[in-house]
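To start, the structure under review is shown below, and the notes come after it.
The values are calculated or read from the model by the stated rules, or taken from the named source; none is laboratory data. Being a predicted model, the structure only gives us computed values, none of them experimental. Don't worry about glycine lacking a Cβ; one is built from the backbone with ideal geometry, like all the others, and counts go over all protein chains shown. In case anyone asks, the SASA skips ligands and DNA or RNA and just uses the protein heavy atoms, side chains included. Shrake-Rupley method; radii C 1.70, N 1.55, O 1.52, S 1.80 Å.
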Amino acid sequence: MHYFVDVYLPLALPKPFTYLVDEKEFEFISTGYRVAVPFGKSKIYTGIVARKHKVSPQTYDAKHIESILDDEPCIYPSQIIFWEWIAHYYQCSVGSVMRASMPTTLLLESETNIVKNPDIFIDKNILSDEEYLIYEALEKSVLKIENVIKISGKRNAIKLLQPLVKMGAIIIHQNIKEKYKPKTDRVFRLNQQFIKSKTLEYVLKSLSKSPKQRDFVMSLFALGGSKNQWIKAKVAFEKSNASNSISKVLLNKSIIEEKMVKIERLTYNGKVEASLQKLSDDQNEAFFSLKKEFESKNVVLLQGVTSSGKTAVYMKYIKEIIDKGGQVLFLLPEISITSQMVIRFQTYFGNLVQVYHSKFNLNERTEVWRNVYDSAENAKVIIGARSSLFLPFKNLDLIVVDEEHETSYKQFDPAPRYHARDASIYLSNISNSKVILGSATPSLETLINVKNNKYGFVNLKKRFGGVMLPEIKTIDLKDAHKKKRIKGDLSVDLIKSISETLESDKQVILFQNRRGYAPILECLTCGHMPQCVQCDVTLTHHKNSGKLQCHYCGYNVPIPIICHSCGSPNIITKGTGTQQIEKQINDLFPNIAVARMDWDSTRGKNDFDKIINSFSSQEIKILVGTQMVVKGLDFKNVHLVGVVNADHLINFPDFRSYERSFQMLTQVAGRSGRSSQRGKVLIQTYQPNHPVIKSVIDNNLNSFVESELKDRKLHSYPPFIRLIRITLKNRNIETLSIASDWFLNVLSQSFDGEILGPVFPPVARVRNYYNKQLLIKLNSKSSRLHFKKVLQKTKKSFESIASFKSTRFIIDVDPY
């Protein structure tokens, strides 16, 4: 009788691979265990057991697993079900989902060791120069691949090793290497045999001529108490004013003991409030309505105007969940929001809160992963970005998707290209939990589900404390230019309002959704604009770094003094980014502290926190930023919000541009006047009568949604249909055109629905790869299921054609 396990590998493979296990291993192992398995000629990977059975594979001989890496499952069965659903719905491999889900510290990979074969004699005279050097080095020690490269001076080490392997001169081993390193702390205590008073007295007498050693022992005794507890080395040294050399002497005398203890990297040591913030009447009504809606619905939309206090409602419901022993996942669209939200949650829930996002290092993320898996007391509430959806929850009772309308919840690259809001709803089904979708400006998809009675609905119509919504006005840029009432990119009216706001000791946010100094550098003599050598885009001017940079591939060059094309020094910038707005503000208000928050200024781990804390403490008076400043941040002293140019948002080639413009402008306006005084919002635009801007000024979500849904239905776009975008990439534009035309023709033979394309996207070449896209419109669930089968069949045929091997193929479900 043979025993087998199906194993998922962290690779883009179409299915799990079957491996052989012995009877003892078969009885011990179950779904979710990590196993080290051979794959390919010599590589070993960490795989996850999906299922076990007694059916041998038909098309290949199963290899035996190398080892079982866990004493208990590392992944819950529900997680594997979730991975498989993500892979099926978003048309990617389970291995891609697995790699995105698990910290790489848990995905151990083999390290290649090369050793000399002691049983074979080799005549060194027959070896080439490089082989001789490698063989000589192996007589002294074990080598790794990088050592072989260094010795030979050649990159292709495997090619050099192959003749030595054929001769039997060397043996190649694969060793599994653990990547996770727990954080440890050194602790001391008195030797247990000296803890009795008479014995201790004798020890202290023996140290009478060594006062520093005596003081260290006395300090340990005082700190450790009657139970002789372990004391941190740092505390013991500070208390006794001793050094490490003192502890070494006492350890050698066996008077004290030491050990290394594992400690948590992420802990909260601040003050914890005794009770939650008291809810207003409106918030209380929303809270009880939420509970009532959950009696019949698993998903509820909590819609509330900006600053209505949705978070306080979340927190009261979360407290009820964790008091019953459940876990809560609180999703946020941007890492920039987490610091404010984490402080707020930790103030009330203390060390019950953990944070999980990409700015943390691998060891920190691994610890959070393990705490969540163990349902540890310090992991009852998880606050994180979209990737935290893949944590191994055991008792997940509630998922909160805050600012559910945000595009940041959609993963674009690499696979899996999932939407965290939609995936969280499926996760709630398999974990039997509830979902709260929170937003002041819900997505049209969510509103349609509310209208169709699929989701519950709760509405908070008033701001907390009776604060009025901000006064929103437009500034006509066309008129301002005509009357010469503009300085740089800021109108005189906006500058005057900034000055008045600063005089009243209030703060200002300026919103410009373009980073860098200027998007274009142009020669006035010949019209040349520096382009990226790898992408079809102009290079963005970055004044702070002194470089022209591509925002797609990272390519950069120093800012030229003369035109590269004609040699003219007559070069100007066109367009405006956040760096230029920051400079203009510094020039206008030289004695005022100004900061910028965009992707360039927040690359470091703590950069978000530094900017937000400085602005919250009013050290910074004016904050210039991209959409990062829009998303859910709460600053009580902000009185004025200025939108430098709203037209960049509205005039974008995307069917969602109006929806996103309305959401973004409403959200940025919501940062103003969040305390007692009514705030002010000034929107600079060339289109002051545009319907989107009118809807924002009137705060009329319903009329905007009604108008937008009418257009979407007329032109067959979501939420009335589903979209799948297929992108083909190749370095050769002719091969790409032939491949995309072939794909369209074959796909059309089996699918009679609407297919748009293939066409070049607005940026046709990125990283030297040309792109062509097809957009498929799907009407019903049955057509979606049928099309996905057709798509996989067509993709398989496409990949079998030799001339298309160099063409990359990307499927993006619900791409916008």
message = Checking the cross-link filter: which lysines have an alpha carbon closer than 30 Å to that of residue 227, excluding same-chain neighbours under 8 positions apart?
response = 183, 196, 198, 205, 209, 212, 239, 248, 253, 259, 262, 271
task = Lys and Arg at +1, Asp and Glu at -1: add these up for the other residues within a Cβ distance under 15 Å of residue 485 and post the number.
result = +3
request  = Summarise the accessible area of segment 1-154 (1.4 Å probe, protein heavy atoms) by the percent that is carbon and sulfur.
outcome  = 53
Average accessible surface area per residue within the chain, 1.4 Å rolling probe, Å² = 47
ask   = Full extension from residue 238 to residue 205: what is 0.36 nm times the residue separation minus their Cα-Cα distance, to one decimal in nm?
value = 9.6 nm
query = Please state the relative contact order of segment 562-679 as a whole percent: Cα pairs under 8 Å, 6+ residues apart?
reply = 22
ask   = Separation of segment 23-73 and segment 446-498 by C-alpha centroid, Å?
value = 57
inquiry  = Students sometimes get this wrong: rank 481, 715 by accessible area, probe 1.4 Å, all chains present, largest first.
reply    = 715, 481
task = Can you check what the net charge comes to around residue 238, using other residues whose Cβ is under 15 Å from the Cβ of residue 238 (Lys, Arg +1; Asp, Glu -1)?
result = +3
request  = Would you mind working out the magnitude of the charge dipole of the chain relative to its Cα centre, with +1 at each Lys and Arg C-beta and -1 at each Asp and Glu C-beta, to the nearest 20 Debye?
outcome  = 920
query = So which trypsin sites (Lys or Arg not before Pro) in segment 572-615 are both in a DSSP loop and have at most 14 other Cβ atoms within 10 Å of their Cβ?
reply = 603, 605
query = How big is the accessible area of residue 599 in square angstrom, nearest 10, if you roll a 1.4 angstrom probe over the protein chains?
reply = 130
request  = Compute the distance in nm between two label points, each set 7 Å from the Cα along the Cα-to-Cβ direction, one at residue 121 and one at residue 570.
outcome  = 8.4
query = What chymotrypsin sites (Phe, Trp or Tyr not before Pro) in segment 9-78 are in a loop by DSSP, with at most 12 other Cβ atoms within 10 Å of the Cβ?
reply = 60
ask   = Going by the alpha-carbon gyration tensor, a ≥ b ≥ c the square roots of its eigenvalues, is segment 307-404 rounded (a/c under 1.5) or, if a/c is not under 1.5, prolate (a/b greater than b/c) versus oblate?
value = oblate
query = Given (1) 0.97; (2) 1.05; (3) 1.01 as candidate values of Rg/Rh (Cα atoms, Kirkwood Rh), which corresponds to the one derived from the coordinates?
reply = (3)
note = For the table 319/454; 124/166; 473/694; 43/359; 772/796; 710/788, the rows whose alpha-carbon distance is greater than 21 Å are 319/454; 43/359; 710/788
ask   = Near the amide H of residue 105, under 5 Å away, which other amide H atoms are found, from residues 5 or more places off or on another chain, if H is placed in the peptide plane?
value = none
remark   = Using alpha-carbon positions, the gyration tensor of segment 349-423 gives root eigenvalues a ≥ b ≥ c; with a/c under 1.5 called rounded, otherwise prolate if a/b exceeds b/c, else oblate, the class is prolate
key: Selection of trypsin sites (Lys or Arg not before Pro), segment 50-134, meeting DSSP coil and at most 14 other Cβ within 10 Å   = 54, 63
inquiry  = Tell me which cysteines of the chain come out unpaired when the rule is another cysteine's Cβ under 4.7 Å.
reply    = 74, 92, 553
